[in-house]
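Novice: This is the structure, below, for whatever I ask next.
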Amino acid sequence: MKGVTGIVLVLLLLGAVVGAGCIASGSHHGSEKPFSGQTVVVCSGAGLMKPMNELISLFENETGAKVEVHYGGSSEIFGVLQTTCGCDVFIPGAWYYTEQAMKKGYILNDTVINVTEHVPVIAVPKGNPKGIHSLEDLAKPGVRVVLGDPKATAIGKVSKKILEKNGLWENVSKNVVVFTPTVNQLLIYIATGQADAAIIWEDMVTWAQSKGKIEVVQIPREQNSIKTIPTAVTTCAEKDGHLAVAKAFNEFVANHTEIWEKWGFRPWKG
């Protein structure tokens, strides 16, 4: 009798173990994320790094995908797209570069979404020692100005356009001490007092590097050249078999406007 009881107990224990294994296996299968094991390659403007890092982390956690990101000046990432087809999702700092990519056939046009406005402002060191209050003040003698390189970065191209529009390019360019390849470097020059004024994107005021170190002078809307930040899926994603995950990331970026707002971007209202 004791032998029979022992056998029954063993059978019950085995049943419990097998059952637990089945439950665990079923549970694992049910929790599998939609893009586990898949990769999406993103090319993003360097000035978008703060919101993009947060969006990427959220997307990876929710979908199981791996996001590889290349940050750089808008001209640089456009070059990556053209020369190596190395972007599944293309997010430059201004519409101009997406428009150029569309003309050259690198973009799936029905995936283009405007996400936010991109607003240029004048940044000065804390205390505004040179008394910069307008675009015209950038042309005053002795003012050290830093601008983005018009050939390398969206803010450089936009800054030149703004100054030309207001008849100031020739005089302000005489005060430029350096043209930087990325917008991030402009912030460093102002925050460390190596320059008196720069034209940067408004959202950069939220960055830790700028808090308590810079002040912002708004550019009147009629003098300004406000841009949009678009996101789009490229034809490279289609060729590389990354289309589904690329489309998912593209929509994820566009739909999470609260993260863009958190980092100082104004939502695009169409």
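Values quoted throughout were computed directly from the atomic coordinates according to the rules given, and no laboratory measurement underlies them. Please read these numbers as outputs of a predicted model, since none were measured by experiment. No Cβ is skipped: glycine too gets one built from the backbone with ideal geometry, and neighbour counts run over all protein chains shown.
Novice: For the chain, modelled as a GNM with alpha-carbon contacts under 10 angstrom, which of LEU48, LEU168, LEU81 fluctuates the most?
Specialist: So, out of LEU48, LEU168, LEU81, the one fluctuating most is LEU168.
Novice: Tell me which of GLY72, ALA101, ASN128 sits at the most positive position along the dipole axis of the chain, charges placed on C-beta atoms (Lys, Arg +1; Asp, Glu -1).
Specialist: Positive-most Cα among the choices belongs to ASN128.
Novice: To continue, here is another question. If the chain between LYS213 and LYS239 were fully stretched, how many nm would it gain, using 0.36 nm times the residue separation less the Cα-Cα distance? List each step's numbers first, then the result.
Specialist: Values: separation 26, 0.36 × 26 = 9.36 nm, distance 4.59 nm.
So the chain would gain 4.8 nm between LYS213 and LYS239.
Novice: Which residue, ASP110, ASP196, ASP137, has the most motion in a Gaussian network model of the chain that connects Cα atoms within less than 10 Å?
Specialist: ASP110
Novice: Please compute the length gained on full extension between THR206 and VAL177, using 0.36 nm multiplied by the number of residues separating them and subtracting their Cα-Cα distance.
Specialist: 7.9 nm
Novice: Here is a further query. Compute a Gaussian network model of the chain, connecting alpha carbons closer than 10 Å, and tell me which residue from PRO92, PRO141, PRO230 fluctuates the most.
Specialist: Maximum fluctuation in the GNM of the chain, among the listed residues, is at PRO141.
Novice: In deg cm²/dmol, rounded to 500, what helix-only [θ] at 222 nm does the chain give when every DSSP H run of at least 4 residues adds -39500 (n - 2.57) and the total is split over its residues?
Specialist: -13000 deg cm²/dmol
Novice: In the chain, which whole DSSP H runs stretch at least 27 Å along their own axis (Cα) and average -1.0 or higher on the Kyte-Doolittle scale? List each step's numbers first, then the result.
Specialist: Numbers: long enough: 2-30 (42 Å, 1.43).
Helices meeting the criterion: 2-30.
Novice: Right, something else. Evaluate the charge dipole of the range 120-217 about its Cα centre and quote only its size in Debye, nearest 20, assuming +1 on the Cβ of each Lys and Arg and -1 on the Cβ of each Asp and Glu.
Specialist: Taking the Cα centre of the range 120-217 as origin, the dipole is about 140 debye.
Novice: Computed from these coordinates, which is P(r) over Cα pairs in 5 Å bins from 0, in percent: (i) 1, 5, 10, 13, 13, 12, 12, 11, 10, 7, 4, 1, 0, 0; (ii) 1, 6, 12, 15, 15, 12, 9, 7, 5, 4, 3, 2, 2, 2, 2, 1, 1, 1, 0, 0, 0, 0; (iii) 1, 6, 13, 18, 20, 18, 13, 7, 3, 1, 0, 0?
Specialist: For P(r) over Cα pairs in 5 Å bins from 0, in percent, the calculated option is (ii).
Novice: Assigning unit charges at the beta carbon (Lys, Arg +1; Asp, Glu -1) and nothing else, what dipole magnitude in debye, to the nearest 20, does the chain show about its Cα centre?
Specialist: 420
Novice: Give me the net charge of THR39's neighbourhood, meaning all other residues with Cβ under 11 Å from the Cβ of THR39; Lys, Arg count +1, Asp, Glu -1.
Specialist: -3
Novice: Given H placed 1.01 Å from N in the peptide plane, which residues other than close sequence neighbours of SER225 have an amide H under 5 Å from its amide H?
Specialist: none
Novice: Let me ask something else about it. Hey, what do the phi angles of the range 234-239 turn into as Karplus ³J(HN,Hα) couplings, whole Hz, using 6.51/-1.76/1.60 and θ = phi - 60°, x for Gly and Pro?
Specialist: 9, 5, 4, 4, 5, 5
Novice: Can you work out the FRET efficiency for the pair LYS33 and ASP110, with r the C-beta to C-beta distance and R0 = 22 Å, to the nearest 0.05?
Specialist: FRET efficiency, LYS33 to ASP110: 0.25.
Novice: Additional query: Could you list which residues have their amide H under 5 Å from that of GLY148, counting only those 5 or more apart in sequence or on another chain, with H placed in the peptide plane?
Specialist: Those lying under 5 Å, H to H, from GLY148 are GLY156, THR180, ILE199.
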